[in-house]
1. Can you pull a Stokes-Einstein diffusion coefficient for segment 1-92 at 4 °C (1.567 mPa s), Rh from Kirkwood over Cα pairs, as a whole number of µm²/s?
2. Any idea what the relative contact order of the chain is, in percent, if you count C-alpha pairs under 8 Å spaced at least 6 apart?
3. Whole-Hz Karplus ³J(HN,Hα) for segment 193-202, in order, using 6.51 cos²θ - 1.76 cosθ + 1.60 and θ = phi - 60°, x for Gly and Pro?
4. Per the Kirkwood formula on distinct C-alpha pairs, the Rh of segment 1-155 is how many angstrom?
5. Report the Cα centroid-to-centroid distance between segment 117-182 and segment 80-97 in angstrom, as an integer.
6. To make sure I understand, if each residue's beta carbon is the centre and we count other beta carbons within 10 Å, what order do 76, 217 fall in, fewest to most?
7. Per the Kirkwood definition applied to all pairs of different Cα atoms, how many angstroms is the hydrodynamic radius of segment 82-199?
8. Which value, in nm² and rounded to one decimal, describes the direction-averaged projected area of the C-alpha convex hull of segment 121-177?
Amino acid sequence: MLRLLRDYLDEFKKIDLEAATIIIYSTLVLLFVLFLRRTHFILPGEAFLERLIIVGLIYVISPLLLLFLFKRAPKDFGINLGNPKQWMKEVFFFYAIFLIILIIAFKFTNLKTVYPLYRKAAHGMSYFFFYQLIQLWYMLGWEFFFRGFMLFGLERTFGRMSVVIQAMPFALWHFKKPKIEAYGAIFAGIFLGIIGLRARSFLPCVLLHYLIIVTADIIGLLL
């Protein structure tokens, strides 16, 4: 029995500690967010918006703990400006492609009944812009977690496969969205991961993802 336990301990020692920590820690954070109960700290009368703020904060802060634990520089987690002149061109090029996809999807599916997720956004421009401001914060945290912390943190061990690894929990986190969006998130996650690695930054992923979300909200209001 002791020999069997020693064999298992030896197997554990063969696992890359940093990569294993990032994967397990990311899973714990995502589960914590999933089971997070309604809070009443910031906007007591707006549960949906307050959740975006709190969860965005968790996505921003939680990876920083491992950044200090492993003594990594911010750029090692994609906190880097990169070359904006280059990635801005790519972002707007691919945004044009996604715009066409969005228009087709809204035309032939029920997405127009889903967006904007915050229903009060249809009640006036002040509601709409306030929602988009909060959504920008949430998207910043979301993309930092997946396309910063997970993508670049796992790249050191898995290389380009980190693109696929981070895309899987990203896609699963769309389980409450319409099926067409949830399945599409698999490829979107991979695509955003490639953009992040090319730019050596998570910022272009924030911009592209946010533009797509805002556009979906606008189309949902117009249709």
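Readers should treat all values here as calculations from the given coordinates under stated rules, not as data from a laboratory. Since the structure is predicted, the reported quantities are computational estimates derived from the model, not experimental observations. Note: ideal-geometry Cβ built from the backbone for every residue, glycine included; neighbour counts use all protein chains shown.
1. Numbers: Rh = 17.0 Å.
Roughly 76 µm²/s, to the nearest whole number.
2. Working: 218 pairs, mean separation 61.7, N = 223.
Once divided by the residue count of the chain, the mean separation gives 28 percent.
3. Taking θ as phi minus 60°, the curve returns x, 5, 4, x, 5, 4, 8, 6, 7, 8 Hz for segment 193-202.
4. 18.9 Å
5. 18 Å
6. Working: 76 17, 217 20.
Taking fewest neighbouring Cβ atoms as first place, the list is 76, 217.
7. Working: mean 1/r = 0.0631 Å⁻¹.
For segment 82-199, the Kirkwood estimate is 15.9 Å.
8. Numbers: hull surface 18.3 nm².
Its average projected convex-hull area is 4.6 nm².
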